[in-house]
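Below: one structure, written as C-alpha cells.
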Amino acid sequence: MSRIAPRPAARTTRDLDVPAATRTRSPGWRDPRLWIGVVLVTASVVAGARILSSADDMTPVWAASSDLVTGQTLTADDLRATHVRFGDSADHDRYLAVGDDLPAALTLTRPLAAGELVPAGALGEASDDDTVSLSIAVATEHVPTDLARGSRVDVWVIDDRITGSRGSRPAAELVLDDIAVLDAPLVSDTFASATTRQLVLAVPQSDEEQLGLVLAASGDNRVRVVGRG
C-alpha cells in the first residue's frame, strides 16, 4: 500500500525576503540641493535684470553715414542712427538724439568722419564768407575713381600757351590746393555723364580769383584733379 507524500507547506509572506516599501519625500529646507536651485534661479533673474537695464541705457543718436566736410548741408542720407551708452547726462546733451527735433540749421561748421557722432555744436548757419561752391565738369579719365564727398583734392590746369622743359609738352599749373569735395555724383548710364564727372568743390574765397581760370579750363578739357588721400 503506497503512502501519499505530504504536500509542502506554503510559504507565507513573512517568510519571503521582500524589501520594505519606502515613500518619496519632498526635499526639506535643509537639503543642499534646494538651496543650490534657489541660488541658480536668483542669479539668472539678477543677470536678466541687468541685461534689460543696460539695454535701457542705450540712447539712439545721429552719426555721420560717410565722411562729411565743412560747409556741407546735411540731408537724411548723411545721417544714420546708432545706439550709445552715455555715462553722464551732460555728454548726452552734446549730441543729436534721434527722438529730438533736428535744428533748422544743418550746415556743418567742421568736418566729420564716417561713423562719428554728430555734435550739436558742429551745426550752424551756412557761412558765405569762408568758401564758395564751384561746380565743374571734368573728364572721367582725369578724376580719381575713388573720389567721393569729403575727399581732398588739388586742381591743376594744363596751359597750352606755356611750354614745359620737355620739348613742346604743355605745362601744368596748380591753381587750387587742398580743396574739399562737397559732392561727386557717380557716373550714370547716360552718354554725357559717362564721359564727364561733375564735381562740386568748396573753394576758399582767398582763391576766388582762380575760379575763372578753372571754369575756362574745364570747358577746354584742361582740368586735372589729383586726390590727396
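Where a number appears in this text, it was derived from the coordinates with a stated rule and is not lab data. From a predicted model like this one, the values you see are computed outputs, not experimental measurements. Counting neighbours? That spans all protein chains shown, and the Cβs are built from the backbone with ideal geometry, glycine included.
General remarks:
- Theoretical gain in end-to-end length, Thr109 to Ala216 [0.36 nm per residue, Cα-Cα removed]: 35.5 nm
- Label point distance in nm, Ala172-Gln198, each placed 7 Å from Cα along Cα→Cβ: 2.6 nm
- For Leu123, distant residues with modelled amide H under 5 Å away: Thr109
- Estimated translational D of the stretch 58-124 in µm²/s (Stokes, Kirkwood radius over Cα pairs; 4 °C; 1.567 mPa s): 109 µm²/s
- Table column - 3J(HN,Hα) (Hz), the stretch 219-224, Karplus curve with 6.51, -1.76, 1.60, x for Gly and Pro: x, 9, 6, 10, 8, 10
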